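A short write-up of the structure that comes next.
The values are calculated or read from the model by the stated rules, or taken from the named source; none is laboratory data. A quick note: this is a predicted structure, and the numbers were derived from the prediction, not measured. Counting neighbours? That spans all protein chains shown, and the Cβs are built from the backbone with ideal geometry, glycine included. Note: accessible area is taken over every heavy atom of the protein model, side chains too, but ligands, DNA and RNA are not part of it. Shrake-Rupley method; radii C 1.70, N 1.55, O 1.52, S 1.80 Å.
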Amino acid sequence: MTTATRRRRLPAITLARSDHERLANLADALADRDPAAADQLAAELERARVVADDRLAQGTVRMGAAVRFSLDGAEPRTVRLVYPGEADIEQGRISVLTPVGAALIGLTAGQSIEWTDRDGKSRRLSVLEVGVEDLAMVS
């Protein structure tokens, strides 16, 4: 296995069944209007391990979760992962349809994910903490 292949290996993710179902419906509904966002979300859903809602490990990023993360080694940010209609970056609510939002879903603290953005730039997101309730520090 080459270094590039190893670097591109995606981390294991787990989703609650209710989140998976609702997100799959969202990806399907979005396919015609925004195929890139729909495809990115669908790819995450396809590789996820799906568990009963009451079996999702505490500390897993799910819809509505508050998450502290770092993107490309920058200063950590705290956001809440939400559905598109609830998104408001000023309030720290990030849509699951954004590249960062789709990358967050199903990860746990300590996990990182790498991807290439639409401009061809390599990005790395690292989850620092899940379940952060104080969003006053949103940056």
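The table below gives the values:
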| read-out | value |
| --- | --- |
| Radius 11 Å from Cβ of LEU107, net charge of other residues (Lys, Arg +1; Asp, Glu -1) | 0 |
| Whole-percent carbon and sulfur share, accessible surface of the range 1-88, 1.4 Å | 47 percent |
| Share, in percent, of DSSP beta bridges within the chain that are antiparallel, nearest 5 | 75 percent |
| Cα-based shape type of the range 55-101, given that a ≥ b ≥ c are square roots of the gyration tensor eigenvalues and the cut on a/c is 1.5 | oblate |
| Accessible area per residue in Å² at 1.4 Å probe, computed on the range 20-76 | 59 Å² |
| Dipole magnitude of the range 12-139 about its Cα centre (Cβ charges: Lys, Arg +1; Asp, Glu -1), debye to nearest 20 | 260 debye |
| Cα-only radius of gyration and Dmax that characterise the chain, units Å | 14.4, 44 |
